[in-house]
Each structure stands twice: as C-alpha cells, then as structure tokens.
Amino acid sequence: MKITEEMVDYIALLSRLKPDAEEKVQMTAELEKIVSYMDVLNILDTDGVEPLSHVFPIRNVMRSDEVSSSFPREELLKNAPSRDDEAFLAPKAVEG
Amino acid sequence: MTWETVIGLETHVELATKTKIFCSCTTEFGGAPNTHCCPVCTGMPGTLPVLNEKVLEFAVKAGIALNGEITRHCKFDRKNYFYPDLPKAYQVSQLYLPIVRNGKVPIRTESGTEKVIRIHELHMEEDAGKLVHDPWLDQTKCDYNRCGVPLIEIVTEPDFRTSKEVIAYLEKLKSTLQYLGVSDCKMQEGSLRCDVNLSVRPAGSTQLGTRTEMKNLSSFKAIARAIAYESRRQIELIEEGKKVLQETRRWDENKDATFAMRSKEDAQDYRYFPEPDIPPLVISAEYLDDVRRRQPEMAEEKMVRYQQEYDLPVYDAQMLTEQKALADFFESCVTLGAEAKQSANWIMGQVLGQLSAKAMEAKNMKLTPSTLVTLISMVKEGRLNRNTAVKVFEDVFDTDEDVEEYVKVHGLAQINDPTALAAAVEKVFAANSQSVTDYRSGKEKAYGFLVGQVMREMKGRADPQAVNEAVRDKLSG
C-alpha cells in the first residue's frame, strides 16, 4: 500500500501533530514500511479463523465495587503543562 | 406533501455503582474539581484499568430486562479522539462486540396500541470529564471527577415517528432501569442523557432521509420541543429545494432552536481498535442464570400480581407500577395493614396529586407509608372525616409529621357527639327557615345548602354521613 502525503497530513491532523516538511518525508517512509509489513499477514489464509481479541489467554479480569481513596489532587496536577489550583487547563475547547 | 419524521435515540445512562468503571474512585456526584480522580481515570501512562464487576452485572441486568441477546464473548474497544474532556485521548467503549444486541421495548402509543421499539445495541463505556470555559484566562478548565464513571449507551433502531413515542419509550426505559436499581436516571444531574437522531421523508417512503444528531437535551420537555423544531427545519429546507446536512446540532433551550455545532475539526474518524489493557469477557451460562434469578419483580409482573392478589382494576395496577418508588410505597401501605383499594385510591388521588402539583418524583417524597396508613385508619375508625383527612394529608406531605399529633394540636378530630350535631342542626334550621321552606316546596338545592351550613357550624369536623342523615331526618320530621 502506498502512503501518500495527504494520508500523512490526515493522520497528523487526527493526532494533533504538526510535522515539518522533513519529518513528513520521514514519516511517509516509516508508515509505508509498517503498512507493507501487514502484507506479510495477508499471505496467510485466515478464512474461518476467529479474530483474536487479546494476546494473552486470560479473560474476565474484574474487581469488586469497593471505594478506595482517590489520589491527592496536588500530585495529579503536578505534571500538567498548564493548571490552576484545582484543574487542568487546556486551550479553549468549549463551544459558545 | 405530507412528511414523516423518523427518529432514533442514543441514550446514555450512568450506572449506580459505588466506584468508577476501571478504578476504585468514587462515583459520587459533585465534589471539588479533580478530587475524585486517580492516575487511572486521569490517563497517566503506565496505569492498568481493571473492570468493575458491578458494571458488567448491571449491563447484563439491563440487557435481560430490555429483552436483548447477551453477547457471550464480549470485549472493549478504544474510540480515539482528541478533546480535553478525555485525558487519555480515547474513550474505552464497545464497538465490535457490544454486551447486548437486538432488544425490544414495548411502549404504549397515543392511540392506546402497543408498539415495539427495537434496541440495536447496548454497550458499556466510560463517561468523560466536565469542561468549563474560563473567560478570564480564555482557557478551558478540566474537571475529571466524572471521567470513568460507568455508562451504558442504549441505541434504538429508527423506530419512532413522534415525540410522544420518544417520551413514552424514555419513561419506560427510566422506569425499567429504576426497577432494576442499575441507575437513578436523574436527568438534571446528567445520569440519563439522550441524543436524538432525526430525519424526515415523504409519508409512505421507505428510504431514510439525511439525519442530524441533536445534543444537549436535558429534559423530556426539551426533547419534545427539539423534535418539533428540527423536523420543521428539515421539512422547510427540503421544500425550499435545499439539502439537509448530516451534522451534529446543539439544542439551545433559551433560543428554542438547534444550531450546528462546530465539527470536532472533521475528526469523525475514531480509529477504533480493540482495547489491549482489558482482557475479553466470557459470559457463562451459570453467570447468566444467576443474574436472571436475581432479577427483581418488574412493572409488568407487579401489574398482573396487583390485579390478582389485591383485586385492583387494571387502571390502578398500571398507575401504581409506573414508578418503582410508588409501587414500593403502595406495597408498604398494604404490609402495614391498610386495605389495598383504599391505599390505591389515596395514592392515585392524593399522593400523585401532590407529586404533580410539586413537579416531584415519587422517589424524592418525604411522606412515609406509615403516615398515610395512620391517616387511612383514622378515617376508617371515624376519628377524622375524609375532607379533613385530605387537608391533613396536604399539610404533612412535605414534613411527614406525626398525624395523630397534628390532628390533636390543630383540633381537627371528627366530632361524633350526637348532641352537638343535633344542636347545630337546630341552630341552622332556625336561622335558615327560608331554605327549609324552599326545600319543602320542592327546591332540592336547599338541601345541600343546609348540609353545608351544618358542616360549617361543626367547623368541618363532623362525620359527613351523620350530617346528611341528621338534616334529612329533621326535614322529614
């Protein structure tokens, strides 16, 4: 599968990345490599094979509905690039 | 041309679990911003979410009650989008193998016939955080307390044709979920939210028109108005030769109109993929049987039982079972010894009357069954006349005061003293000789007047039956 510049632009937009021209060239090449590797899988006949939903043979991992204390807010906000006393701050996202 | 409106609903319901879907933070409503959070629900790298077993149980319970098929091998998927209400930049949801498919919800239409609304699917997912724009900073404040609160999303087929059908379905859904105890369904707190997909087409056509999705509908009233507005808007567009655009529109309660929302920068491409952090769920036959066995008695079953066990008319049985809290109230009254039909009459008349006058739901009412039962027995024992009892009921409805005490303090007990009654009759007849003459000359109306006067003389506290008899005796005597 051929990765076009438009595809890279679209993926960058969805990922909120702003690659420069040089990075775009690099990404195009890398993505093409990754996607063409998938062609290897297409060699196999997978008709009638159940899709794998998880790589480990485990299932039904659950916990009981019991409250434990939350995390100190100050700790949670520590890594935020932008914050005030009580909240994470993000660029304007609310309508209106 | 006649147009037909076609509507499908996506309803998000917050589950009444104590903790969030993938971590042990509380789901309690409110709380200072970001105080019900931990590294899991704020999406810190390296954390491992673990499913709350109650979420699965509640989803299965709801699925069974909505007559759906439970997906025995089910899993979660990631829905990717960048928006600050989701700190992980994806929502854990279910796309490929939702827990429930092909449900059916019977509703009663306006004409009284039954209509079945098909449920396309019901899936489990996590709620997002709350964003508040700060005009001073010109930035958006993110409160992640709601992040990770468990939701079920119930998606119907486009089976509705009118807003009345939509409301009937939502009432039914709400009642069912409340009976199950899986959600409190409080619209004002956002624990029941509804998006409306709507399109129009020429009546008789079998093809669907282009639909819009409406959000921000915070009450049944808003839903009905938004449906009316949006179908009119679409019909006008088409009649003007214009096209309906497939878009998300926001209902503005104050402007009474819908507005196109700025698209999330054309990112309707969610790039779903299987959630690798959460192992798949395999639901055994034993598990299903166990949940089935523990399903509570639902409204339909109660309706049948009330008719058989208490000999109530269909109408009463239906009214009493519409809200679980009301049915519980009724059953408590009967358990406390009140006669079933008496209790039903009081509940349908006075209780529902007060609730509707105060725009309240039965589950928020303060009045206890024992108060009503006391009142009923006081009437039955002739210690309170019925009209006074209704007044007392209204007075104690908000406070649940001790009615015996209330009646004593306010001097409202029924006067059963025949001498006092005879004296009152004497007095009224003496003062209203004209009415007595009128009655005897055939004016029936005078009788009612005399009864009213005697009751007034007794300060409203006499037994109406006794007053009637005393007046009649006196007139014929």
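The values are calculated or read from the model by the stated rules, or taken from the named source; none is laboratory data. Note that the structure is predicted; figures quoted are calculated from it, not measured. Quick reminder, even Gly has a Cβ in these numbers, built from the backbone with ideal geometry, and neighbours come from all protein chains shown. Surface areas here come from the heavy atoms of the whole protein model, side chains and all, with no ligands, DNA or RNA. Shrake-Rupley method; radii C 1.70, N 1.55, O 1.52, S 1.80 Å.
For B:Glu14, the conditions (1) open to solvent by less than 10 Å² (accessible area, probe 1.4 Å); (2) at pLDDT 95 or above all hold with the exception of (1). For segment B:169-177, check the following and say yes or no: at least one residue is assigned to a loop (DSSP other than H, G, I, E, B) and in contact (Cβ under 8 Å) with a residue 40 or more places away in the chain. Checked against the condition, which is being assigned to a loop (DSSP other than H, G, I, E, B) and in contact (Cβ under 8 Å) with a residue 40 or more places away in the chain, segment B:169-177 yields no hits at all. Every listed requirement among (1) open to solvent by less than 60 Å² (accessible area, probe 1.4 Å); (2) assigned to a loop (DSSP other than H, G, I, E, B); (3) not hydrophobic (A, V, I, L, M, F, W, C) is met by A:Glu50 save one, (1). Quick check on my filter: what residues within segment A:60-83 are open to solvent by 40 Å² or more (accessible area, probe 1.4 Å), within 7 Å of chain B (Cβ to nearest Cβ) and assigned to a loop (DSSP other than H, G, I, E, B)? Of everything in segment A:60-83, those that are open to solvent by 40 Å² or more (accessible area, probe 1.4 Å), within 7 Å of chain B (Cβ to nearest Cβ) and assigned to a loop (DSSP other than H, G, I, E, B) turn out to be A:Asn60, A:Val61, A:Ser64, A:Glu66, A:Val67, A:Ser68, A:Phe71. Here is the figure for segment B:427-446: residues that are in a loop (DSSP other than H, G, I, E, B), open to solvent by 50 Å² or more (accessible area, probe 1.4 Å) and in contact with a helix residue (DSSP H, G or I) (Cβ under 9 Å, 6 or more places away or on another chain) total 1. Filtering segment B:412-426 for residues that are open to solvent by 40 Å² or more (accessible area, probe 1.4 Å), modelled with pLDDT under 85 and β-branched (Val, Ile, Thr) leaves a non-empty set. Scanning segment B:216-247 for residues that are surrounded by fewer than 17 Cβ atoms within 10 Å (Cβ to Cβ) and within 14 Å of chain A (Cβ to nearest Cβ) gives a single hit, B:Glu247. The single condition from (1) touching a residue at least 24 places away in the same chain (Cβ under 8 Å); (2) at positive phi; (3) polar (S, T, N, Q) that A:Thr28 fails is (2). For segment B:174-194, which residues satisfy the criterion of being surrounded by 18 or more Cβ atoms within 10 Å (Cβ to Cβ) and within 24 Å of B:Glu247 (Cα to Cα)? Hits for segment B:174-194 are B:Leu192, B:Arg193, B:Cys194. Taken over segment B:60-84, the criterion of being within 20 Å of B:Pro49 (Cα to Cα) and of a type in the set (Asp, Glu) is satisfied by B:Asp77 alone. The set of residues in segment B:332-344 being assigned to a helix (DSSP H, G or I) and open to solvent by less than 40 Å² (accessible area, probe 1.4 Å) consists of B:Cys333, B:Val334, B:Ala340, B:Ser343, B:Ala344.
Return the residues of segment A:10-30 that are within 29 Å of B:Pro280 (Cα to Cα) and either in a helix (DSSP H, G or I) or more than 14 Å from chain B (Cβ to nearest Cβ) (or both); say none if nothing qualifies. Write out each step before concluding.
If we filter segment A:10-30 for residues that are within 29 Å of B:Pro280 (Cα to Cα), which is where we start, we get A:11, A:14-15.
If the condition is that a residue be within 29 Å of B:Pro280 (Cα to Cα) and either in a helix (DSSP H, G or I) or more than 14 Å from chain B (Cβ to nearest Cβ) (or both), then A:Ile11, A:Leu14 are the ones that fit.
Kindly provide the set of residues from segment B:142-168 that are part of a strand (DSSP E or B) and either closer than 16 Å to A:Arg83 by Cβ or more than 11 Å from chain A (Cβ to nearest Cβ) (or both), ordered by number. If you could, list the steps in order and put the result at the bottom.
So in segment B:142-168, the residues part of a strand (DSSP E or B) come out as B:142-143, B:150-156, B:160.
Passing the criteria: B:Cys142, B:Asp143, B:Leu151, B:Ile152, B:Glu153, B:Ile154, B:Val155, B:Thr156, B:Phe160.
Screening B:Gln139 with (1) farther than 22 Å from A:Met62 by Cβ; (2) within 11 Å of another protein chain (Cβ to nearest Cβ); (3) in contact with a helix residue (DSSP H, G or I) (Cβ under 9 Å, 6 or more places away or on another chain) gives one miss only, at (3).
Tell me whether segment B:202-215 contains one or more residues that are modelled with pLDDT of 95 or more and either under 23 Å from the mean Cα position of the chain (by Cα) or in a helix (DSSP H, G or I) (or both). No: segment B:202-215 contains no residue that is modelled with pLDDT of 95 or more and either under 23 Å from the mean Cα position of the chain (by Cα) or in a helix (DSSP H, G or I) (or both).
Yes or no, residue by residue, for (1) more than 19 Å from B:Asp143 (Cβ to Cβ); (2) at pLDDT 95 or above; (3) away from every other protein chain (no Cβ under 11 Å):
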site	(1), (2), (3)
B:Thr27	no, yes, no
B:Cys38	no, yes, no
B:Pro45	yes, no, no
B:Leu56	yes, yes, no
B:Ile64	yes, yes, yes
B:Cys74	yes, no, no
B:Asn80	yes, no, no
B:Lys88	no, no, yes
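The set of residues in segment B:28-56 that are among the β-branched types (Val, Ile, Thr) and assigned to a helix (DSSP H, G or I) contains only B:Val55. B:Glu213 fulfils the conditions (1) out of contact with any Phe, Trp or Tyr (no Cβ under 8 Å at 6 or more places or on another chain); (2) open to solvent by less than 30 Å² (accessible area, probe 1.4 Å) except for a single criterion, (2). Can you find a residue in segment B:180-196 that is farther than 30 Å from B:Phe29 by Cβ and either under 28 Å from the mean Cα position of the chain (by Cα) or in contact (Cβ under 8 Å) with a residue 12 or more places away in the chain (or both)? No: zero hits.
Scanning segment B:57-104 for residues that are open to solvent by less than 10 Å² (accessible area, probe 1.4 Å) and in a helix (DSSP H, G or I) yields B:Ala59, B:Val60, B:Ala62, B:Gly63. Taken together, B:Met360, B:Met378 contain a single residue that is open to solvent by less than 20 Å² (accessible area, probe 1.4 Å) and either not assigned by TED's automatic domain parsing to the domain that holds B:Ser332 or not basic (Lys, Arg) (or both), which is B:Met378.
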